[in-house]
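Reviewing the structure listed below.
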Amino acid sequence: MKKTVFLGALTIAGLAATAAMAGTLDDVKARGQLNCGVSTGVPGFEAPDANGVWQGFDVAVCRAVAAAILNDSTAVEFIPTTGKTRFTALASGEVDMLSRVTTWTFSRDVDLKFEFVGVNYYDGQGFMVPKELGVSSVKELDGATVCIQTGTTTELNLADYFRVNGMSYDPVPVETNAETQTQYLAGACDVYTTDASALAATRASFEAPGDHVVLPEIISKEPLGPLVRHGDSEWADVVRWTLNALIAAEELGVTSANLSEMLAGTDNPEINRLLGTSGSLGEMLGLDADWAARAIAVGGNYGEVFETNIGASTPIGLARGLNAQWTDGGLMYSPPFR
Amino acid sequence: MTTLTDPPKESFRLSMLLYDSRYRSMTIQIIALLAFMLGAAWLINNARINLAIAGKEISWAFLSSPSGYDINQRLIDYTSQSSHGRAAVVGLMNTLLVAVMGCILATFLGVVVGVLRLSKNWIISRLAAVYVEGFRNVPVLLWIVLSMTILAETLPQPRDFRGDDATASMMLFDSVAITNRGIYIPEPLFSRGLGDIPVLVGNSEEAVAACASYYDLDGDGQPATGCGTFQISLDLVAFLSVLIAMVMITKMNNKRADRIQDATGDRPATTLVNLAIVVLPVVSLLWYLGFYLGYPELKGFNFRGGTYFRNSLIALWLALSLYTAAFIAENVRAGIMAIAKGQSEAAAALGLRQGPIMRLVVLPQALRVIVPPLISQYLNLTKNSSLAIAVGYMDVTGTLGGITLNQTGREMETLLLLMACYLVISLVVSTVMNAYNERTKLKER
């Protein structure tokens with residue numbers, strides 16, 4: 001009898017403990033800082049610059065969320081995670097959100113209990129080889145030694161692809177992008193495989209990028225996007241609609257340059273709702289009216305963020321391709337702000 | 001008639017649990033045990049509740065689902081379609097492989113260096129001291145990474161062996177290739193091999209079907225996949241049983257020589273006879289099985305054929321052995337110094353030289369001091385092998401606690417299983433070593 005009472009008390013204590021964990025938005029506001037999980041370094045997507053300030057395409061999402069909530073794009077603590085540690089870091093509450101070239105898959109969404117809030121880069125798995133090998137297609141890679149980051153979807157795609165095509169390979173598992181580069185450049189593996197965007201970024205950071213080629217085949221769909229814990233929909237909404245705000249801003253022609261004049265009010269009712277000059281969208285999110293304007297002010301709209309970090313004018317030089325706005329034949333499509 | 005009466009029997013009162021020194025200690029122990037159990041129950045219950053709230057109740061179903069990833073070094077058949085449980089076993093065998101190899105090399109190096117540290121030669125003893133201090137004062141992870149970097153950066157790539165202007169070439173009559181991916185040596189093959197026998201064939205239809213195709217393969221010596229839980233090579237079994245049987249016969253031969261020596265004083269020559277007893281049957285067995293060496297050949301991107309020792313295995317093995325050997329060397333030195341000087345002086349007085357004194361008199365006694373700390377060094381080496389992922393060696397931490405954990409999201413289950421694995425390995429190692437310790441320790445009569 002006494003034991004039952006004791007266990008009951010324990011149960012309530014356990015429930016209370018988890019209840020306190022809910023409400024990430026309030027936690028972030030109270031803390032005055034956003035904890036954002038990033039990777040250990042993929043140039044263009046997330047990497048510290050010469051001053052140790054994190055820069056990149058995924059980092060921009062974290063900064064936009066911090067600006068929307070806290071009105072301070074620098075109030076972000078960036079927590080580097082490897083492919084292996086990222087989900088544990090998010091599930092345990094060590095980070096509030098992950099924005100680190102992470103593929104949205106069914107099992108991660110459903111079984112691992114995360115919530116992907118959208119896609120900020122449509123990617124696919126590619127292969128890079130040294131030019132001197134004279135390889136022009138993935139189909140010629142039978143028997144090759146392949147460097148691969150452990151704990152990623154690429155590991156599973158690779159196994160499937162080679163098995164289905166009746167080819168053999170020798171996997172060399174490595175923890176981080178930097179270690180993989182070292183192994184690849186030392187010739188400890190013939191091929192480096194990961195998301196095509198990361199391959200382009202890695203190749204750009206080599207001393208002689210021209211000595212390496214990215215093979216034309218893309219063997220998988222890798223929609224990359226930010227994710228949060230399952231079960232806190234208010235928080236997921238904040239991150240989701242901040243990302244959508246960046247995408248919608250590009251579609252609606254709101255840029256960092258014309259933001260201030262747009263804020264004075266425009267003829268386009270959707271821009272007005274987005275920037276909070278009419279309607280109460282911010283209030284519905286639990287934020288103030290100009291949340292989206294602040295998010296856009298950090299690094300500009302989606303297109304500007306893309307061009308600054310990974311676009312054609314950068315050393316990484318990625319084309320918009322699938323990541324163009326739907327109006328330009330791409331897949332970037334924000335639900336309406338209404 | 002006795003007049004003695006029992007003293008009045010004191011009835012037990014509850015307060016005696018606290019105030020009677022006969023019961024007090026027991027009371028305290030029981031309370032402490034209860035508190036501990038309640039604490040443990042609270043922790044377990046808390047984890048259970050929180051996992052249930054997160055929707056991740058403890059479940060072991062993932063162990064039988066297909067793993068989907070490949071493992072480069074496998075001692076038993078494994079494909080990406082095998083289960084997570086089998087991936088864990090593959091990893092566990094890799095852990096055991098590097099642990100056993102490491103313990104052997106570390107013991108050998110440790111004994112040599114420990115003896116050398118006591119050398120009267122100043123340079124030798126200093127060099128041994130530098131080795132010991134250098135290795136045991138730097139974290140083993142750095143040694144592992146350093147070994148791997150050296151192997152990967154300094155050795156030639158496989159493609160350097162190709163073409164007319166090849167910058168690297170194979171060694172020992174083109175039989176050994178040392179590359180920055182690993183070392184390839186010739187492998188023993190049998191042209192008239194006895195094949196393998198599958199063990200633990202399941203009852204399910206797929207298992208039987210896999211074995212049907214397995215038996216269709218006509219003994220080409222190639223291992224078939226999918227039939228049975230694992231396969232045992234009959235060639236190896238035959239080879240080992242002949243070898244062991246012949247070694248037993250040489251022992252009997254030695255005993256016979258002892259008897260003759262005791263009776264007549266003359267010892268018949270045994271060396272050549274023993275050699276013949278071992279070598280002739282083994283060689284004829286190898287001939288019968290059609291023994292030949294398979295040489296590694298550069299084909300496509302890599303060498304094919306031969307036995308392949310991966311750099312990750314070599315780097316991990318060397319680093320763990322060198323690191324642990326430094327500690328073992330200190331144990332050995334302590335053990336030798338614990339033997340009274342009179343022992344070696346007495347041996348010297350009998351006319352023994354330095355070498356035999358160490359081998360026959362000092363080391364056997366020193367073992368009593370060396371073996372107990374040696375056990376914990378073996379355990380350390382085994383546990384340190386979990387750093388394998390730093391060089392991409394797929395041990396049980398890399399498969400079960402790495403990729404499987406990540407792909408299934410079953411942190412609690414995989415980590416519990418992983419801890420159980422290491423616990424069992426450690427307990428087995430210490431049981432075996434304790435048994436050995438029982439044998440070597442001083443017998444007091």
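Below are the figures for this structure:
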{"read-out": "Residue within the stretch B:403-416 that is exposed (fewer than 15 other Cβ atoms within 10 Å of the Cβ) and part of a helix (DSSP H, G or I) present", "value": "yes"}
{"read-out": "Test: residue in the stretch B:295-310 that is more than 14 Å from chain A (Cβ to nearest Cβ), surrounded by fewer than 18 Cβ atoms within 10 Å (Cβ to Cβ) and out of contact with any helix residue (DSSP H, G or I) (no Cβ under 7 Å at 6 or more places or on another chain)", "value": "yes"}
{"read-out": "Filter result (among the acidic types (Asp, Glu) and within 29 Å of A:THR153 (Cβ to Cβ)) within the stretch B:388-445", "value": "B:ASP395, B:GLU411, B:GLU413"}
{"read-out": "Residue within the stretch B:161-169 that is assigned to a helix (DSSP H, G or I) and either in contact with a Ser or Thr (Cβ under 8 Å, 6 or more places away or on another chain) or not β-branched (Val, Ile, Thr) (or both) present", "value": "yes"}
{"read-out": "Residue count for the stretch B:19-31, restricted to those that are in a helix (DSSP H, G or I) and open to solvent by less than 60 Å² (accessible area, probe 1.4 Å)", "value": "1"}
{"read-out": "Residue in the stretch B:110-118 that is at negative phi, in contact with an Asp or Glu (Cβ under 9 Å, 6 or more places away or on another chain), touching a residue at least 60 places away in the same chain (Cβ under 8 Å) and part of a loop (DSSP other than H, G, I, E, B) present", "value": "no"}
{"read-out": "Matching entry among A:GLU175, A:GLU251, A:GLU222, A:GLU207 (being in contact with a strand residue (DSSP E or B) (Cβ under 9 Å, 6 or more places away or on another chain), farther than 30 Å from A:TRP291 by Cβ and not β-branched (Val, Ile, Thr))", "value": "A:GLU175"}
{"read-out": "Check on B:MET419, more than 30 Å from A:GLN181 (Cβ to Cβ), assigned to a helix (DSSP H, G or I), more than 16 Å from the chain's Cα centre (by Cα) and more than 14 Å from chain A (Cβ to nearest Cβ)", "value": "yes"}
{"read-out": "Residue match in the stretch A:88-98 (condition: more than 25 Å from B:ILE389 (Cα to Cα), of a type outside the set (A, V, I, L, M) and either in the same structural domain as A:GLU304 (by TED's automatic domain parsing) or in contact (Cβ under 8 Å) with a residue 60 or more places away in the chain (or both))", "value": "yes"}
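Yes or no, residue by residue, for (1) open to solvent by 30 Å² or more (accessible area, probe 1.4 Å); (2) more than 8 Å from chain B (Cβ to nearest Cβ); (3) within 27 Å of B:VAL391 (Cα to Cα); (4) not in a loop (DSSP other than H, G, I, E, B):
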{"site": "A:GLU115", "(1), (2), (3), (4)": "yes, yes, no, yes"}
{"site": "A:VAL146", "(1), (2), (3), (4)": "no, yes, yes, yes"}
{"site": "A:THR154", "(1), (2), (3), (4)": "no, yes, yes, yes"}
{"site": "A:PRO171", "(1), (2), (3), (4)": "no, no, yes, yes"}
{"site": "A:ALA178", "(1), (2), (3), (4)": "yes, yes, yes, yes"}
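Rundown of residues vs (1) open to solvent by 50 Å² or more (accessible area, probe 1.4 Å); (2) without any contact (Cβ under 8 Å) to a residue 12 or more places away in the chain; (3) in contact with a Gly (Cβ under 9 Å, 6 or more places away or on another chain); (4) part of a helix (DSSP H, G or I), yes/no style:
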site: B:GLY91; (1), (2), (3), (4): no, no, yes, yes
site: B:ASN94; (1), (2), (3), (4): no, no, yes, yes
site: B:VAL100; (1), (2), (3), (4): yes, yes, no, yes
site: B:ALA106; (1), (2), (3), (4): no, no, no, yes
site: B:LYS120; (1), (2), (3), (4): yes, yes, no, no
site: B:TYR131; (1), (2), (3), (4): no, no, no, yes
site: B:LEU141; (1), (2), (3), (4): yes, no, no, yes
site: B:LEU146; (1), (2), (3), (4): yes, no, no, yes
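The values are calculated or read from the model by the stated rules, or taken from the named source; none is laboratory data. Remember, it's a predicted structure, so these values are computed and weren't measured experimentally. Backbone-built Cβ (ideal geometry, glycine too); neighbour counts: all protein chains shown. Remember, those area values only see protein heavy atoms, side chains included, never the ligands or the DNA or RNA. Shrake-Rupley method; radii C 1.70, N 1.55, O 1.52, S 1.80 Å.
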